[in-house]
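Asks: The structure is given below, and queries will be raised subsequently.
The values are calculated or read from the model by the stated rules, or taken from the named source; none is laboratory data. All of these numbers come straight from a predicted model, not from anything done at the bench. Neighbour counts are summed over all protein chains in view; Cβ atoms, including those assigned to glycine, are modelled from backbone coordinates with ideal geometry.
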Amino acid sequence: MGFWLFVTVMDLLVPAIMLYFGRRFQKKPPEKINQIYGYRTARSMKNQETWRFAHETCGRLWVRLGAVLLLLSLAAAVMTFGRGVETAGIVSAVVVVVQMVVVIGSIVPVERALKRNFDDQGRKRN
């Protein structure tokens, strides 16, 4: 039971962080472009407008994806309740891999939105 509880809590961390930062990026993104905190890509850091747009876009996406991942992670945890340590560990590892693919994959739609809305110099398209 202890191991199951541990992996369940660990599996819920990524969706919880996505939900938290998604909301934060939407409501109060980092004010200034920086190298420490925020959605930092070459395209998002062109200027203040692209920076703000990237955070709003990433924030909306992370809230939706975080909610879905939270539900899927909880479902996986419920399915492994009462099973052996090995089963819980394997399912947890699969959940974490899926979560990482989703987090890293979320860069693609944000970058596409930036490319669609801004030119290479970071100026807003009409």
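Asks: Is there a residue being in contact (Cβ under 8 Å) with a residue 12 or more places away in the chain, more than 16 Å from the chain's Cα centre (by Cα), assigned to a helix (DSSP H, G or I) and within 20 Å of K124 (Cβ to Cβ) anywhere in segment 40-48?
Replies: Yes, the conditions are met somewhere in segment 40-48.
Asks: Then there is this: Give the residues of segment 57-89 that are of a type in the set (V, I, T) and modelled with pLDDT of 95 or more, sorted by residue number.
Replies: Correct list: T57, V63, V68.
Asks: What is the number of the single condition among (1) part of a helix (DSSP H, G or I); (2) within 13 Å of the chain's Cα centre (by Cα) that F3 does not meet?
Replies: The one condition F3 does not meet is (2).
Asks: Just to verify a result, which residue in segment 1-60, among those that are surrounded by 14 or more Cβ atoms within 10 Å (Cβ to Cβ) and of a type in the set (D, E), is nearest to L72 (Cα to Cα)?
Replies: Ranking the qualifying residues of segment 1-60, first place goes to D11.
Asks: Let me ask something else about it. Answer yes or no as to whether S92 is modelled with pLDDT of 90 or more, under 12 Å from the mean Cα position of the chain (by Cα) and not β-branched (V, I, T).
Replies: No, not satisfied.
Asks: Would you please name the residue that is nearest to Q26 (Cα to Cα), looking only at residues in segment 61-75 that are in contact with a helix residue (DSSP H, G or I) (Cβ under 9 Å, 6 or more places away or on another chain) and surrounded by fewer than 16 Cβ atoms within 10 Å (Cβ to Cβ)?
Replies: Here is the first cut: in segment 61-75, the residues in contact with a helix residue (DSSP H, G or I) (Cβ under 9 Å, 6 or more places away or on another chain) are 61-74.
After this cut, where a residue has to be surrounded by fewer than 16 Cβ atoms within 10 Å (Cβ to Cβ) as well, the list is 64, 67-68, 71, 74.
Numbers: R64: 12, A67: 15, V68: 18, L71: 22, L74: 25 Å.
Filtering first and then ranking leaves R64.
Asks: So which residues in segment 96-126 are touching a residue at least 12 places away in the same chain (Cβ under 8 Å), of a type in the set (K, R) and touching a helix residue (DSSP H, G or I) at 6+ places or on another chain (Cβ under 7 Å), if there are any at all?
Replies: Answer for segment 96-126, where residues must be touching a residue at least 12 places away in the same chain (Cβ under 8 Å), of a type in the set (K, R) and touching a helix residue (DSSP H, G or I) at 6+ places or on another chain (Cβ under 7 Å): just K124.
Asks: Can you tell which of M79, M45 is under 23 Å from D119 (Cβ atoms) and out of contact with any Lys or Arg (no Cβ under 6 Å at 6 or more places or on another chain)?
Replies: Values: M79 fails: under 23 Å from D119 (Cβ atoms).
When all the criteria are applied, what remains is M45.
Asks: Examine segment 68-78 for a residue that is touching a residue at least 40 places away in the same chain (Cβ under 8 Å) and over 15 Å from L13 (Cα atoms), and state whether such a residue exists.
Replies: Scanning segment 68-78, I find no residue that is touching a residue at least 40 places away in the same chain (Cβ under 8 Å) and over 15 Å from L13 (Cα atoms), so the answer is no.
Asks: Give all pairs with beta carbons closer than 7 Å in which a residue from segment 13-35 that is of a type in the set (A, V, I, L, M, F, W, C) meets a residue that is surrounded by fewer than 14 Cβ atoms within 10 Å (Cβ to Cβ); count only pairs at least 6 apart in sequence or on separate chains.
Replies: Note: pairs meeting the criteria are I33/Q48.
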